[in-house]
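Structure first, then comments.
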Amino acid sequence: QVQLVESGGGLVQAGGSLRLSCAASGSIFRFKAMGWYRQAPGKERELVARITSSGTTNTADSVKGRFTISRDNAKNTWYLQMNSLKPEDTAVYYCNADSSLSSKEYWGQGTQVTVSS
């Protein structure tokens with residue numbers, strides 16, 4: 001059973017920074033891709049950033065240049081470094097992983113990020 005546990009959310013002023021972490025129960029080499037999504041009130045969940053097993057990353061245009069996704073294989077963890085935060089970044093952030101062995105995908109429980117103006 002794969003479990004993803006997020007941490008690092010909170011309340012920050014506009015212009016500030018936060019780093020989200022997603023720790024997997026077991027090796028992240030089981031995943032072909034790992035990512036971060038977010039969902040703001042009244043809006044659909046959207047992809048924020050994604051990193052593949054080969055290290056290729058892609059980032060949503062709305063956060064490009066401000067957010068960076070990375071991973072630490074030894075810690076079975078991936079991160080979302082968020083800089084220059086804006087009030088419109090306020091959302092629940094979810095980590096996600098796609099299995100390399102099946103069509104399954106896994107989700108964390110979500111962590112709230114609130115950016116005050």
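Label sites at SER100 and GLN39, each approximated as a point 7 angstrom past Cα along Cα to Cβ, lie 2.9 nm apart.
Per-residue extension of 0.36 nm, minus the Cα-Cα distance of ASN58 and LYS86, leaves a gain of 8.1 nm for this segment. Projected label points at PHE29 and TRP107, each 7 Å from Cα along the beta carbon direction, are separated by 3.0 nanometres. Computed with a 1.4 Å probe over protein heavy atoms only, the accessible surface of the range 2-117 comes to 51 Å² per residue.
Computed from point charges on the beta carbon alone (+1 for Lys and Arg, -1 for Asp and Glu), the dipole magnitude for the chain about its Cα centre is near 200 Debye.
Within the same chain, lysines fewer than 8 places from LYS104 are excluded, and of the rest, those with a Cα less than 23 Å from its Cα are LYS32, LYS75.
Listed by chain and number, the lysines whose alpha-carbon sits under 26 Å from that of LYS86, ignoring those within fewer than 8 places in the same chain, are LYS43, LYS64.
Only protein atoms count toward the accessible area here, which uses a 1.4 Å probe; on the chain, the carbon and sulfur part of that area reaches 47 percent.
The shape of the chain can be summarised by an equivalent ellipsoid whose semi-axes, obtained from the alpha carbon gyration tensor, come to 24, 14, 13 Å from longest to shortest. Given +1 at the Cβ of Lys and Arg, -1 at the Cβ of Asp and Glu and no other charges, the dipole of the range 12-67 around its Cα centre is 100 debye to the nearest 20. The alpha carbon gyration tensor of the range 32-74 gives principal lengths a ≥ b ≥ c with a/c of 1.5 or higher and a/b greater than b/c, which makes the shape prolate. Report the residue, chosen from GLN13, GLN39, GLN81, that carries the largest GNM mean-square fluctuation when the chain is represented by alpha-carbon nodes joined by springs under 10 Å. The residue that fluctuates most here is GLN13. Ranking THR114, ALA49, LEU101 by Cα position along the charge dipole of the chain, where only Lys, Arg, Asp and Glu carry charges on their C-beta atoms, puts LEU101 farthest toward the positive end. The range 61-95 and the range 1-51 have Cα centres spaced 7 Å apart.
The values are calculated or read from the model by the stated rules, or taken from the named source; none is laboratory data. These numbers were taken from a predicted model, which means no experiment stands behind them. So basically every Cβ, Gly included, is an ideal-geometry build from the backbone, and we count neighbours across all protein chains shown. The protein model used for the area step is the full one, side chains on, heavy atoms only, and it has no ligands, DNA or RNA in it. Shrake-Rupley method; radii C 1.70, N 1.55, O 1.52, S 1.80 Å.
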